[in-house]
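Written out below as structure tokens is the structure these notes cover.
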Amino acid sequence: MFVALTGGTGGAKLIQGLSHELDPEELTIICNTADDFVLYGLNISPDLDTIMYTLAGLGDDVKGWGIRGDTFTALEQLRQYGYEAWFKIGDRDLATHIERTKLMREGFTLSQVTEELRRALAIPATIRPMSDQAVETKVATSEGEISFQEYFVKHRWQPEVKRVFYARIENSKPATGVVEALGDAEGIILCPSNPITSIGPILAVPGMRDAVKQSPAPVVGVSPIIGESAISGPAHKLMAAQGWEVSAYGVARGYADLLDGFFIDTEDEKHQGRIEALGVKAVTTSIRMDSSAEKRRLARELLAFMRK
């Protein structure tokens, strides 16, 4: 069994590749839930949903989120009722949030709800939230503290970031089955998701980083940074705010106590020696995943590294 730690868009591309290069039943995904929030009275889990839709063959590969071909009639009606409607929920996507909210109000944990949704979508891979306790990534800006979704979606990651922190992280613990999966893994993958707001919260759950570190499995990461910019999203801005060097080396340094190998783009070959000085094997290859073939090729390379 291989275990992947991931956020949404960037990680979903690699997850898709892995699901084609592995028996999906041999793949367990541990997903960031610190982006989860309540909107319109509904429990929304953006990263979990992106991974679910991707593995169910429903995902919108162009936008990188939501359901392909979805419509937004309900959202337009909400605007007419005076809502800002800054977070785009499609009509089919809305059904997921309604079902999740209903089950959670009935007392089911997020893990149990995720399992119900996974089965309903006929996804053979295992999907687990990082924790069943609520954690929220907060962004401190010059105008005050806001949620990551407000920063990322509502304000289009324009405010100046002073720092990022995970509210209530100290009260969380790994979700059911997560530590066991890490201990039983043949390989562990840190996907090319935002190291501050996607992989960061997962590893910050008490006990999670130690569980990865203590696993006998090889741990390999993929850089979400090429050159001095994120492949997608604001990772470079958030890394800078947290005092990380904005480079593939900066990400590798943040994960160095966990990693056996780290995949970087050919454009970042100059960092190979610096990364290997951390005690991590640096693998230089193309890490852009703009096609299905590229996703599968990178997945094969990662699996080959871990199976050595």
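Towards the positive end of the charge dipole of the stretch 103-242, with charges on Cβ (+1 Lys, Arg; -1 Asp, Glu), say which of I188, G177, S223 has the farthest Cα.
Projecting each Cα onto the dipole axis, the largest value belongs to S223.
Per the helix-only calculation at 222 nm, which mean residue ellipticity applies to the chain, given -39500 (n - 2.57) for every DSSP H run of n ≥ 4 and division by its residues, nearest 500 deg cm²/dmol?
Calculated from helices alone, the mean residue ellipticity at 222 nm is -10500 deg cm²/dmol.
Can you list the residues, at least 5 places off or on another chain, whose amide H is less than 5 Å from the amide H of I29, using H built in the peptide plane?
A4, T126, I127, R128
Using DSSP to call loops (not H, G, I, E or B), can you name the trypsin sites (Lys or Arg not before Pro) in the stretch 55-155 whose Cβ has at most 16 other Cβ atoms within 10 angstrom?
Here the trypsin sites (Lys or Arg not before Pro) that fit, given the DSSP loop and packing criteria, are K63, R68, K88.
Which percent, to the nearest 5, of DSSP beta bridges fully inside the chain are antiparallel?
In the chain, DSSP labels about 40 percent of beta bridges as antiparallel.
Starting from the 7 Å offset along Cα-to-Cβ, what nm value, one decimal, do you get for the label separation of D23 and K102?
3.5 nm
If amide hydrogens are placed 1.01 Å from N in the peptide plane, which non-local residues have theirs closer than 5 Å to the one on A175?
S131, D132
Setting aside same-chain residues fewer than 8 positions from K237, which aspartates and glutamates have a Cα under 14 Å from its Cα?
Counting by Cα, and skipping residues close in sequence, K237 has these aspartates and glutamates nearby: E160, E228, E245.
What is the packing order of peptides 234-244, 270-280, taking the mean over residues of other C-beta atoms within 10 Å and listing the highest first?
Sorting 234-244, 270-280 by mean packing, highest first, produces 234-244, 270-280.
Taking the Cα centre as origin and putting +1 on Lys and Arg beta-carbons and -1 on Asp and Glu beta-carbons, what dipole magnitude results for the stretch 47-164, to the nearest 20 debye?
Here the stretch 47-164 has a charge dipole of around 80 debye.
Values in this text are rule-based calculations from the coordinates and carry no lab data. Here the structure is a predicted model, which is why all the values come from computation and not from measurement. Glycine also receives a Cβ, built like all others from the backbone with ideal geometry; neighbour counts cover every protein chain displayed.
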